[in-house]
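**Student:** One structure, pasted below without further comment.
The values are calculated or read from the model by the stated rules, or taken from the named source; none is laboratory data. Please read all numbers here as calculations on a predicted model, not as lab measurements. All Cβ positions, even for glycine, are placed from backbone atoms using ideal geometry, and neighbour counts span all protein chains on display. We work out accessible area using only protein heavy atoms, side chains counted, and drop any ligands, DNA or RNA first. Shrake-Rupley method; radii C 1.70, N 1.55, O 1.52, S 1.80 Å.
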Amino acid sequence: LTGQNPAALDAQLAAVARVPQAPDALALQIPAETLRQRPDVIAAEARVAASLARVSQADAARYPSFRLGGSLGLRALTLGALTQGGSVVSALLGSISVPLLDGGAARAQVRVQEASLEQSRLNYAATVLTALQEVEDALAALQGDGLRLEQLRIAAEAAANAALLAQQRYSSGLVDFQTVLETQRTQLSSQDSLASAQAALTADHVR
C-alpha cells in the first residue's frame, strides 16, 4: 500500500501507540465523485476510452488518406556555386491512398471494435456497481460499529465502576475476594471488547 519494502516501516511501527481514530462524520461526507478515485474504476474508465479510440481508428481506416512529403537541399556543379541562390532545390510530393475492394474487411473491423467498446462499457458498469456495493457495505458496517462502540463505552464505564465498588466493599469486609476478581475479569473483558470495536471502526473508515 505504501510502495515501500516490507521492512521500511519497522521503525515507525515499533513504537506502541493508540489506534488512530478518524472523525465520526468523515465517511458520511464523502461525495459520489470519490468513487472515481478508486483504482479499479479508473482502470475500467481508461479501458472504455481506449476502446473508443480504437473504434475511431478503425472507422478512419475506411476513408481515403492523404500524405504530403517534401525535400529541401542544395545542388551545384562547383563548390563555389553553393552560395548562389540558384543552388537551392526543393521538391513537394503528394499522395493519396483509397481502400478499394477490401471485401468489407474495414467495415467488419469497425464492428469488431464497436463490440469491444460495448464489452468495455459493460465491464465499467459492473465495476462501478461493485464499487458502490463495497462503499455501501463499508458505510453500513461503519454505522453499525459506531453504535456498538458507544454501547461498549457505556459497558466499560459501568464495569470500571463495579470493579471500584467491589474493591471498596472488599476493603470494608462486606464481600469476599472472589467477587473482586469477578468484577475485574468483567472489566478487562469490556475493555478488550472496546479496543476491538475501535479497531473495527478504524478499519471501516479505511475501507
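**Student:** Could you tell me which residue of the stretch 102-122 is most open to solvent (accessible area, probe 1.4 Å), considering only residues that are of a type outside the set (Lys, Arg) and touching a residue at least 60 places away in the same chain (Cβ under 8 Å)?
**Tutor:** The selected residue is 119.
**Student:** Please list, ordered by first then second residue, the pairs with beta carbon atoms under 9 Å, 6 or more apart or interchain, first in the stretch 192-203 and within 15 Å of residue 139 (Cβ to Cβ), second assigned to a helix (DSSP H, G or I) and not hydrophobic (A, V, I, L, M, F, W, C).
**Tutor:** 200/145; 200/148; 201/145; 201/146; 201/148; 203/145
**Student:** Here's a follow-up. In the list 147, 93, 174, which residue meets the criterion of being more than 30 Å from residue 58 (Cβ to Cβ), open to solvent by 80 Å² or more (accessible area, probe 1.4 Å) and not in a helix (DSSP H, G or I)?
**Tutor:** Going through 147, 93, 174 in turn, just one is more than 30 Å from residue 58 (Cβ to Cβ), open to solvent by 80 Å² or more (accessible area, probe 1.4 Å) and not in a helix (DSSP H, G or I): 174.
**Student:** Among the residues of the stretch 9-48, write down those that are open to solvent by 60 Å² or more (accessible area, probe 1.4 Å), at pLDDT below 85 and within 13 Å of residue 128 (Cα to Cα).
**Tutor:** 32, 33, 36, 37, listed by residue number.
**Student:** Do the conditions hold for residue 184, that is, is it at pLDDT 90 or above and either within 43 Å of the chain's Cα centre (by Cα) or more than 30 Å from residue 146 (Cα to Cα) (or both)?
**Tutor:** No: the conditions fail for residue 184.
**Student:** If the requirement is being more than 30 Å from residue 34 (Cβ to Cβ) and among the hydrophobic types (A, V, I, L, M, F, W, C), which of these qualifies: 174, 139?
**Tutor:** Only one candidate qualifies: 174.
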